[in-house]
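Asker: Below are the structure tokens for one structure; questions will follow.
Laboratory data are not the source of any read-out in this text; all were calculated from the coordinates shown. Bear in mind that the values here come from a model prediction, so they are computed numbers and not experimental data. Ideal geometry is used to build each Cβ from the backbone, glycine not excepted, and the neighbour counts take in all protein chains shown.
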Amino acid sequence: MKRQVLVSGIQPSGKLHIGNYLGALKNFVELQNSGKYDCFFFIADLHSITESFDPKKKQKQILELAADFLAAGLNPKKSTLFLQSLVPAHTELAWIFNTITPMGELERMTQYKDKSAKAEIVNAGLFTYPTLMAADILLYNTAAVPVGDDQLQHLELARTIVRKFNGRFGRIFTEPKGILTHTPRVMSLRDSSRKMSKSDPASCLFLDDSPEEIHDKVKRAVTDSGSEIKYDPKEKPGVSNLLGIYSAVTGRPMRDVEKEFAGNTYSHLKERVAFALAEHFREYRNKKAGLMVKSAALKSLLVSGSKKASKVAEKTLFAAKKKVGLSP
Ligand code: AMP
Ligand code: TRP
């Protein structure tokens with residue numbers, strides 16, 4: 001039987017934090033290894049240039065994310081790993097989607113509202129970001145999209161685009177569903193009412209952080225009033241965030257984790273969380289260091305993955321253009 005297709009991407013815009021990891025990348029590896037899906041994972045470089053960036057650093061960020069993918073356990077023998085800008089079908093299909101997407105739908109996107117409020121100049125790419133994301137997904141006849149919860153609204157728009165395109169031009173796309181982890185929204189270490197985000201580096205634990213940095217940051221993480229350790233995101237958001245991180249990296253259910261810490265102090269919890277994180281990322285740190293010196297190999301991996309992806313993407317694009325009446 002043909003396996004269902006799974007697609008997801010991450011932007012190359014700096015170091016990954018544990019929100020990216022626990023909301024997305026760790027799950028990519030587990031889904032890949034489940035053998036249930038035909039997986040496509042890509043580096044969303046075209047999305048990343050919608051925010052201010054340094055062209056001198058972009059190439060390094062791309063290769064670093066490729067190294068992150070591999071160090072975390074993605075495997076080019078099991079999944080197609082590629083670079084978005086090497087598959088031109090993405091931007092071409094996105095253009096067609098732009099023409100069937102009302103401005104109002106894009107104006108409603110929370111990420112657009114947040115990012116445009118902070119940007120000096122709001123570029124058109126930031127506005128049409130979700131139609132490119134819809135193309136990324138729909139080119140592969142995708143059934144499942146693993147993402148953190150901040151991307152669900154974009155995924156919903158992709159589903160709307162499927163209905164709109166199929167209704168107007170004829171059925172070709174199917175509506176994909178999202179796959180969330182138990183930690184779809186890791187919160188900031190400084191303010192437990194906000195998500196961990198690379199736009200606020202002090203809120204983040206990075207995958208590259210040394211054990212000392214991890215201990216130091218976790219020690220300073222905000223906790224809550226009272227002293228009881230229990231999972232209650234409403235009343236105890238800081239403690240619950242740490243418990244969620246601990247449960248995810250140790251692979252133990254929350255019930256067991258709560259039992260382990262019953263009657264303990266916040267500082268004990270922090271010590272255990274920091275220790276678990278430092279251990280969990282030990283192998284990743286070593287592997288990544290080895291990969292970062294092999295930039296030629298990383299590049300050729302992306303080129304060959306992108307060729308594979310292009311074959312699938314171009315077929316879909318051709319079929320879509322035909323439906324619209326563009327291809328002779
Ligand atoms: P980005 O770096 O924006 O490309 O995000 C890559 C992936 O990480 C996406 O699936 C996001 O939804 C996910 N993600 C980003 N921040 C968090 C967070 N704080 N908690 C959980 N997932 C997140
Ligand atoms: N917008 C996503 C993010 O910021 C990255 C992304 C781009 C993506 N295209 C995608 C994720 C397609 C899943 C599927 O995290």
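Asker: Picking from ASN286, PHE82, GLY19, whose Cα lies most toward the positive end of the charge dipole for the chain (charges on Cβ: Lys, Arg +1; Asp, Glu -1)?
Answerer: It is PHE82.
Asker: Still on this structure: Take the chain, drop everything but the C-alpha atoms, weight them equally and run the Debye formula without solvent; then report log10 I(q)/I(0) at 0.11 Å⁻¹ to two decimals.
Answerer: Computed log10 I(q)/I(0) values: -0.73.
Asker: Hey, another quick one. Using the Cα centre of the chain as the reference point, and only Cβ charges (+1 on K/R, -1 on D/E), how large is the resulting charge dipole? Debye, rounded to the nearest 20. Intermediate values should be presented prior to the final figure.
Answerer: On the way: 50 positive and 35 negative charges, 251 e Å.
Dipole about the Cα centre, nearest 20: 1200 debye.
Asker: About its Cα centre, how strong a charge dipole does the stretch 256-303 have in debye, to the nearest 20, once Lys and Arg get +1 and Asp and Glu get -1 at the Cβ?
Answerer: On the way: 9 positive and 6 negative charges, 97 e Å.
My answer is approximately 460 debye.
Asker: Which cross-chain or sequence-distant (5 or more) residues have an amide H under 5 Å from the amide H of VAL186, H modelled 1.01 Å from N in plane?
Answerer: Those qualifying (amide H under 5 Å, at least 5 residues apart or on another chain) are MET196.
Asker: A follow-up question, please. Does the stretch 60-152 come out rounded, prolate or oblate by the C-alpha gyration tensor, with a ≥ b ≥ c the root eigenvalues, rounded set by a/c under 1.5 and, if not, prolate when a/b is larger than b/c and oblate if not?
Answerer: Because a/c hits 1.5 or more and a/b exceeds b/c, the stretch 60-152 counts as prolate.
Asker: Just subtract the alpha-carbon distance of GLU228 and ASN264 from 0.36 nm times their residue separation and send over the number in nm, one decimal.
Answerer: Numbers: separation 36, 0.36 × 36 = 12.96 nm, distance 0.77 nm.
Additional length available on full extension: 12.2 nm.
Asker: Okay, next question. Compare the Cα positions of PHE318, VAL303, ASN264 along the charge dipole of the chain (+1 at Cβ of Lys, Arg; -1 at Cβ of Asp, Glu; about the Cα centre) and return the one farthest towards the positive end.
Answerer: Working it through, the farthest residue towards the positive pole turns out to be PHE318.
Asker: Another question, then. Using +1 at the Cβ of each Lys and Arg and -1 at the Cβ of each Asp and Glu in the chain, identify which of GLY251, GLN151, ILE229 lies farthest towards the dipole's positive end.
Answerer: Highest projection toward the positive end goes to GLN151.
Asker: For THR110 and LYS15, what does the FRET efficiency come to when R0 = 35 Å and r is the distance between their Cβ atoms, rounded to the nearest 0.05?
Answerer: Working: r = 24 Å, r/R0 = 0.68.
Here the calculated transfer efficiency is 0.90.
Asker: Same structure, new question: Past 22 Å, Cα to Cα, is the threshold; run LYS287/LYS311; LYS57/LYS78; LYS77/LYS294; LYS2/LYS311; LYS60/LYS198; LYS198/LYS219 against it and keep the listed order.
Answerer: On the way: LYS287/LYS311 31 Å; LYS57/LYS78 29 Å; LYS77/LYS294 18 Å; LYS2/LYS311 17 Å; LYS60/LYS198 17 Å; LYS198/LYS219 20 Å.
Beyond 22 Å: LYS287/LYS311; LYS57/LYS78.
Asker: Using amide H atoms built in the peptide plane, which far-off residues or other-chain residues are under 5 Å from ALA119 H to H?
Answerer: For ALA119, no residues qualify.
Asker: Let me ask something else about it. By the gyration tensor of its Cα atoms, with a ≥ b ≥ c the square roots of the eigenvalues, what is the shape of the stretch 181-254: rounded for a/c under 1.5, prolate for a/b over b/c, or oblate?
Answerer: Values: a/c = 1.44, a/b = 1.26, b/c = 1.14.
Taking the square roots of the gyration eigenvalues as a ≥ b ≥ c, the stretch 181-254 is rounded.
Asker: How large is the charge dipole for the stretch 198-328, taken about the Cα centre, if only the Cβ atoms of Lys, Arg (+1) and Asp, Glu (-1) carry charge, to the nearest 20 debye?
Answerer: Details: 25 positive and 17 negative charges, 263 e Å.
I would put it at about 1260 debye.
Asker: Let me ask something else about it. Add -39500 (n - 2.57) for each DSSP H run of 4 or more in the chain, then divide by its residues: what number comes out at 222 nm, to the nearest 500 deg cm²/dmol? Please report the intermediate quantities before stating the final value.
Answerer: Numbers: 14 runs with 175 residues, N = 328.
When only DSSP H runs of four or more count, the value is -16500 deg cm²/dmol.
Asker: Over what distance in Å are the Cα centres of the stretch 70-125 and the stretch 209-254 separated?
Answerer: Measuring centre to centre over Cα atoms gives 32 Å.
Asker: Then there's this: Figure the gain on full extension for SER295 and GLU51 (residue separation times 0.36 nm, minus the Cα-Cα span) and round it to one decimal in nm.
Answerer: Details: separation 244, 0.36 × 244 = 87.84 nm, distance 2.48 nm.
Working it through step by step, the gained length comes to 85.4 nm.
Asker: Also, I was wondering about something else. Per-residue HN-Hα couplings for the stretch 295-303, Karplus 6.51 cos²θ - 1.76 cosθ + 1.60 at θ = phi - 60°, whole Hz, x for Gly and Pro?
Answerer: Computed from phi, the couplings for the stretch 295-303 are 5, 5, 5, 5, 4, 5, 4, 5, 5 Hz.
Asker: Still on this structure: Roughly how many nanometres apart are two label points built 7 Å out from the Cα toward the Cβ at ASN166 and ALA119?
Answerer: 3.1 nm
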